[in-house]
Amino acid sequence: MLTVRRDARLGTAYDVELPAGTVRYHAVGDGPPIVFVHGYLVNANLWRKVVPLLSGQFRCITPDWPLGSHLVPMNRDADLSPPGIARLIADFLAALDLRDVILFGNDSGGAYSQLAAAAYPERLGRLVLASCETPYCTWPPAPGGFPLLKRTAVHPLTYRALYQVLRWPGSWRWRNTYGWLAKYPIDEVTMRGYIDPVLNDAAIRYDGRKAIGAVDERYSRAAAATLVEEFGKPVDVLWAGDDRVFPPAHAAAYAERLGTRVQLIPDSFTYVAEDQPELVAREGLARWQR
């Protein structure tokens, strides 16, 4: 198993045993729980800048979801399809006996959060969607060439070959890697934490390939329809003002259906907590304090 460190600002590390396998997470702070859901090929470190800004008033819980940059492989037979990940999120909340949770999803983590909220709303108090799949886009999203990730997942060799270019740091700013997700370069330590697992651990690659190979917009569109018709809890929509992957116009149309509004985060691409953590935290504190 790899020993890539998570940022100390995320708090104490724990492992929780779930039906699908072990999930490692970090937690810090006291107060109402926020559970963060990152997207594909990143991990809990995505939240390293925003957590210390919120942990004074919230319990910030940052799992490594099994999306290719985690450290602990899941059970070999784990269901990592979109409904399986939604079930994993629900099992995580139940195992920690969390209630009235603020579920915060970004990038494909926002799609998984929508599925979890639609199918298992009981422990949720609020859903936060930040630059993620909407009913108006494909999954993976078409801009940036991201559908290639799913196509190469059909075979272990093509999947492994795709990521070898990430060994060269110059590739990290390409539009079909991380260049259209983070507006500003991510530091090397964090980037190594994202890419080393998929490059160097076959069991992690197996999980990541299962997850990305199973995504499909039919899941996110069905979940969105359920949320619009049945969720009945607050939904916040935070969007990168300069997003090149998930168009802000899509966010506005979806927010209208959800009965809420879009809060644009300026000077940011999809990873709003990476590019503008202070603005994300300020918006959160303004809405979530009780």
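The values are calculated or read from the model by the stated rules, or taken from the named source; none is laboratory data. Bear in mind the structure is a predicted one, so any value in this text is a computation, not a measurement. Using ideal geometry, Cβ is built from the backbone for each residue, glycine included, and neighbour counts are taken over all protein chains shown. Ligands, DNA and RNA are stripped out before the accessible areas are found, and what is left, the full protein with its side chains, is counted by its heavy atoms. Shrake-Rupley method; radii C 1.70, N 1.55, O 1.52, S 1.80 Å.
Details
- Share antiparallel - DSSP beta bridges, segment 2-122, percent rounded to 5: 60
- Ordering of 38-45, 114-121, 232-239 by burial proxy (mean other Cβ atoms within 10 Å per residue, highest first): 38-45, 114-121, 232-239
- All-pairs Cα distance distribution in segment 1-59, expressed in whole percent, bin size 5 Å: 4, 16, 26, 28, 16, 7, 2
- Within the chain, helix-based [θ] at 222 nm, where runs of 4 or more DSSP H residues each add -39,500 (n - 2.57), nearest 500: -10500 deg cm²/dmol
- Solvent exposure of residue 26, expressed as accessible area, is near 20 Å², computed with a probe of 1.4 Å over the protein chains only.
- Here's how it looks for residue 267: its modeled amide H is under 5 Å from those of 241, 242, which are all 5 or more places away or on a different chain.
- Theoretical gain in end-to-end length, residue 282 to residue 233 [0.36 nm per residue, Cα-Cα removed]: 15.5 nm
- At most 15 other Cβ within 10 Å, DSSP loop - trypsin sites (Lys or Arg not before Pro), segment 217-262: 261
- Separation of segment 1-78 and segment 151-171, taken as the distance between their Cα centroids, equals 24 angstrom.
- Relative packing of 135-145, 265-275, which averages over residues the other C-beta atoms within 10 Å, highest first: 265-275, 135-145
- Our coupling estimate for segment 217-232, obtained by passing each phi through the Karplus curve with A = 6.51, B = -1.76, C = 1.60 and θ = phi - 60°, is 5, 5, 6, 5, 5, 5, 5, 4, 4, 5, 4, 4, 8, 10, 4, x Hz, Gly and Pro reported as x.
- Modelled FRET efficiency - R0 22 Å, residue 192 with residue 157, Cβ distances, 0.05 increments: 0.40
- Most positive-pole-ward Cα, 13, 158, 39, against dipole of the chain from beta carbon charges: 158
- The loop-placed chymotrypsin sites (Phe, Trp or Tyr not before Pro) in segment 67-120, going by DSSP, include none that has at most 13 neighbouring Cβ atoms within 10 Å of its Cβ.
- Translational D in µm²/s for segment 139-189 (Stokes-Einstein at 25 °C, 0.890 mPa s, Kirkwood Rh from C-alpha pairs): 208
- Range of Cα positions in segment 149-270 per principal axis (Å), largest first: 44, 31, 20
- Separation of segment 187-231 from segment 121-136 is 15 Å, based on Cα centroids.
- Charging the Cβ of each Asp and Glu at -1 and of each Lys and Arg at +1, and nothing else, the dipole of segment 122-194 about its Cα centre rounds to 140 debye.
- Stokes-Einstein translational diffusion, the chain - Kirkwood Rh over all Cα pairs, 1.567 mPa s, 4 °C, in µm²/s: 70
- Once backbone amide H atoms are built at 1.01 Å from N, residue 101 has 124, 125, 126 as its partners under 5 Å, excluding neighbours fewer than 5 places away on the same chain.
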